[in-house]
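The values are calculated or read from the model by the stated rules, or taken from the named source; none is laboratory data. Keep in mind it's a predicted model, so treat the numbers as computed, not measured. We place every Cβ from the backbone using ideal geometry, glycine too, and count neighbours over all the protein chains shown.
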Amino acid sequence: GLVDLAKLKEALNDQVAGLMMTNPNTLGLFEKDILEIAEAVHEAGGQLYYDGANLNAIAGVARPGDMGFDVVHINLHKTFSTPHGGGGPGGGPVGVKEHLIPFLPKPHVEKNSDGVYSLDQKNKDSIGAVSGFWGNFGILVRAYVYLRHHGLSGIRNNSEMAVLNANYLKALLQPEFPPAYPGTCMHEFVLNLKKADTGDQRAMGVAKRLLDYGVHAPTVYFPLVVPEAAMIEPTESETPETLRNFSSIMKRVREECVENPAIIEGAPWETPVRKLDEVTAARNPVLIETVG
């Protein structure tokens, strides 16, 4: 479940521009060799890029820059409570270490000794102007307010609670739902539903059936290294009661998989939109429909 350091070193050469990683990774495991990984990438002349998808496990606790990352993007909707979905809105601020600042898009925002801000267009190494360089302001200001409200101690507490909730829920789900990889997880973990004795039912059916119980379905079939994967990420805001409720619902659905498979195969039954024919939708999509 972790980066194979020996194989990584075999793959590194002067043709490698960089390596993009999450830490903790998508399995919810902390990459314990991250300092050695960073050293190997840098020795090969590459840069280390941090995908902030899993920052919610370490915000206020550890800094990606101290792990050796050169570039960081933050998924504001996953860590700092901004809206996301339906194609937007979204926001993903990018931070870089000092040696990469000259290459950032123009204009650079500068602050002089008098506290006055200005736009610098002169940097010759910049990649140039990009559309909307200020980002999605409405989302950025929401994240800023969230950070100001919680402060460093609050952000750290949120991360610690996210990790605690994930490990508590993982324990509740066992032994019926063994995790894909054993041991302590960070803020999320992945189930291998092939090991959960769900009969012939697949992860998609389990996820759709959860909707009938008023539960948001987990991401399924990702990451690809886990068969019939179901990614469970409870976040810091769930209470012990809601976690126990989710666990009991999961176990009920597991029983249904064996005792009444038809109810899983036809799910969801209680949602405004019933089960879609996904094969037809993929092969013959109706992108524009004329009404009247």
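State whether one or more residues within the stretch 109-121 are among the charged types (D, E, K, R) and under 25 Å from residue 242 (Cβ atoms). Checked against the condition, which is being among the charged types (D, E, K, R) and under 25 Å from residue 242 (Cβ atoms), the stretch 109-121 yields no hits at all.
The set of residues in the stretch 54-91 being surrounded by fewer than 17 Cβ atoms within 10 Å (Cβ to Cβ) and small (Gly, Ala, Ser) consists of 62, 65, 85, 86, 87, 88, 90.
Just wondering, is there one or more residues in the stretch 140-155 that are without any contact (Cβ under 8 Å) to a residue 12 or more places away in the chain and either touching a Pro at 6+ places or on another chain (Cβ under 6 Å) or among the hydrophobic types (A, V, I, L, M, F, W, C) (or both)? Yes, the stretch 140-155 contains at least one residue that is without any contact (Cβ under 8 Å) to a residue 12 or more places away in the chain and either touching a Pro at 6+ places or on another chain (Cβ under 6 Å) or among the hydrophobic types (A, V, I, L, M, F, W, C) (or both). One residue stands out among those in the stretch 177-186 that are assigned to a loop (DSSP other than H, G, I, E, B) and on the phi < 0 side of the Ramachandran plot: the one that is nearest to the chain's Cα centre (by Cα), which is 186. Screening residue 83 with (1) at pLDDT below 95; (2) of a type outside the set (A, V, I, L, M, F, W, C); (3) assigned to a helix (DSSP H, G or I) gives one miss only, at (3). Within the option set 94, 109, being within 30 Å of residue 187 (Cα to Cα), without any contact (Cβ under 8 Å) to a residue 24 or more places away in the chain and either aliphatic (A, V, I, L, M) or out of contact with any strand residue (DSSP E or B) (no Cβ under 7 Å at 6 or more places or on another chain) (or both) holds for one residue only, 94. All conditions but one from (1) out of contact with any Lys or Arg (no Cβ under 8 Å at 6 or more places or on another chain); (2) of a type outside the set (Ser, Thr, Tyr); (3) assigned to a loop (DSSP other than H, G, I, E, B) apply to residue 123; the one that does not is (1).
Here residue 16 passes the criteria (1) more than 24 Å from residue 160 (Cα to Cα); (2) part of a helix (DSSP H, G or I) except the one numbered (2).
Screening the candidates 53, 38 for the property of being among the aliphatic types (A, V, I, L, M), assigned to a helix (DSSP H, G or I), within 19 Å of residue 100 (Cα to Cα) and not assigned by TED's automatic domain parsing to the domain that holds residue 166 yields one hit, 38. Would you confirm whether or not the stretch 28-45 contains a residue that is touching a residue at least 40 places away in the same chain (Cβ under 8 Å), surrounded by 14 or more Cβ atoms within 10 Å (Cβ to Cβ) and not aromatic (Phe, Trp, Tyr)? Checked the stretch 28-45: at least one residue is touching a residue at least 40 places away in the same chain (Cβ under 8 Å), surrounded by 14 or more Cβ atoms within 10 Å (Cβ to Cβ) and not aromatic (Phe, Trp, Tyr). Filtering the stretch 49-56 for residues that are in contact (Cβ under 8 Å) with a residue 60 or more places away in the chain and at negative phi leaves a non-empty set. Looking at the stretch 187-281, the helices (runs of 4 or more DSSP H) lying wholly inside it that each contain 1 or more residues that are free of Cβ contacts under 8 Å to residues at least 60 places away in the same chain, surrounded by fewer than 13 Cβ atoms within 10 Å (Cβ to Cβ) and over 22 Å from the mean Cα position of the chain (by Cα) sit at 240-259, 261-265.
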